[in-house]
1. From Ala149, Ala171, grab the single residue that is of a type in the set (A, V, I, L, M, F, W, C) and surrounded by 19 or more Cβ atoms within 10 Å (Cβ to Cβ).
2. All but one of (1) open to solvent by 10 Å² or more (accessible area, probe 1.4 Å); (2) within 16 Å of the ligand (Cβ to nearest atom) hold for Val12; state the number of the condition that does not hold.
3. Does Gly30 satisfy the condition of being open to solvent by 50 Å² or more (accessible area, probe 1.4 Å) and under 20 Å from the mean Cα position of the chain (by Cα)?
4. If I ask for residues that are under 13 Å from Thr175 (Cβ atoms) and either within 14 Å of the chain's Cα centre (by Cα) or β-branched (Val, Ile, Thr) (or both), which ones from region 107-161 would you list?
5. Please work out which one of (1) part of a helix (DSSP H, G or I); (2) surrounded by fewer than 21 Cβ atoms within 10 Å (Cβ to Cβ); (3) out of contact with any helix residue (DSSP H, G or I) (no Cβ under 8 Å at 6 or more places or on another chain) is the condition Arg72 fails and give its number.
6. Filtering region 221-233 down to residues that are hydrophobic (A, V, I, L, M, F, W, C) and either within 16 Å of the ligand (Cβ to nearest atom) or under 26 Å from Gly59 (Cα atoms) (or both), which residue is surrounded by the fewest Cβ atoms within 10 Å (Cβ to Cβ)?
7. Just wondering, is there one or more residues in region 62-69 that are over 27 Å from Ala149 (Cα atoms), open to solvent by 40 Å² or more (accessible area, probe 1.4 Å) and more than 16 Å from the ligand (Cβ to nearest atom)?
8. Pick from Thr95, Thr24, Thr45, Thr87: which is within 16 Å of the ligand (Cβ to nearest atom) and not aromatic (Phe, Trp, Tyr)?
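The values are calculated or read from the model by the stated rules, or taken from the named source; none is laboratory data. None of these values were measured; they are calculated from a predicted model. Don't worry about glycine lacking a Cβ; one is built from the backbone with ideal geometry, like all the others, and counts go over all protein chains shown. SASA here: full protein model, heavy atoms, side chains in, ligands and nucleic acids out. Shrake-Rupley method; radii C 1.70, N 1.55, O 1.52, S 1.80 Å.
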Amino acid sequence: MTSAVEVRDLHVSYYGNEAIRDVTFSIEQGSMVGIIGPNGAGKSTLIKGILGLLKKDKGSVRFFGEELDKVRKRIAYVPQRSNIDWTFPITVMDTVLIGTYPSLGLFKFPRKREKALALESLSKVGLSEYRNRQIGELSGGQQQRVFLARALVQQPELLLLDEPFVGIDVASEETIVHILKELQQEGKTIVVVHHDLSKANSYFDQLLLLNKELIEYGDVGDVLNQEVMSKAYAHQLRFLEEVEVAL
Ligand code: ADP
């Protein structure tokens, strides 16, 4: 089976400052992978780089064995909540409907089918009653669930989420994890940037440990150990203590 994502020798920089370098890995279809690493390690940059949202200095990325342009519709991305303007006047339902646009084609508006799909996704994340609310009125956890619903209407085979659990309530986190695990059981591939190590063990099958370069990529048990983690977190003692707790 071809990999869901295959990254070779990826380098991305900001104004000449290298953020990630020499990153090579491939993710099997149907896996649930956590991207971990210290603050500023380049986790978001990696996601944006592989999705073509940032210019690569070097390297190649293939999805399902193809170039991004050929398979864009099969991929959904949930950006970091802090990068979104929540004061933008748009309802919950319309936010979710945006997810149907790529499959609609130019100058076409969502119709019955898309609306039904959006409602179904909203109900999956437990927010159908909120469909007419303004997105800015929702709590952080609810907003994150709306963005997951927007990704779900795309019916993606590969879903990438950037720090989906930051600043959200426990119930929203549980709902999101439950949905991600369900998607995985359907054979979808899930990639999550995640900095909280305490749950990494129960959420993911594989971990990709990044600190500008790829430090380690493998099964959770092979990555979450003192020897490997100290390579990335050598200067962050508090984090190493967290690793101990996580273990
Ligand atoms: P992480 O997601 O692991 O916290 P990031 O990918 O956000 O790390 O950042 C990696 C590095 O790139 C950091 O040193 C950060 O300061 C830098 N960086 C991120 N975004 C930008 C940007 N828009 N402009 C300049 N530098 C950036």
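1. Values: Ala171 fails: surrounded by 19 or more Cβ atoms within 10 Å (Cβ to Cβ).
Every option except Ala149 fails the conditions.
2. Every listed condition holds for Val12 apart from (1).
3. Values: open to solvent by 50 Å² or more (accessible area, probe 1.4 Å): no; under 20 Å from the mean Cα position of the chain (by Cα): yes.
It is false that Gly30 is open to solvent by 50 Å² or more (accessible area, probe 1.4 Å) and under 20 Å from the mean Cα position of the chain (by Cα).
4. Val125, Gln144, Arg145, Val146, Phe147, Leu148, Ala149, Leu152
5. Answer for Arg72: the failing condition is (3).
6. First, the residues of region 221-233 that are hydrophobic (A, V, I, L, M, F, W, C): 223-224, 228-229, 232.
Cutting the leftovers down to either within 16 Å of the ligand (Cβ to nearest atom) or under 26 Å from Gly59 (Cα atoms) (or both) gives us 223, 228-229, 232.
Details: Val223: 21, Val228: 17, Met229: 26, Ala232: 24.
Out of the qualifying residues, it is Val228.
7. Looking through region 62-69, none of the residues is over 27 Å from Ala149 (Cα atoms), open to solvent by 40 Å² or more (accessible area, probe 1.4 Å) and more than 16 Å from the ligand (Cβ to nearest atom).
8. On the way: Thr95 fails: within 16 Å of the ligand (Cβ to nearest atom); Thr24 fails: within 16 Å of the ligand (Cβ to nearest atom); Thr87 fails: within 16 Å of the ligand (Cβ to nearest atom).
Answer to the check: Thr45.
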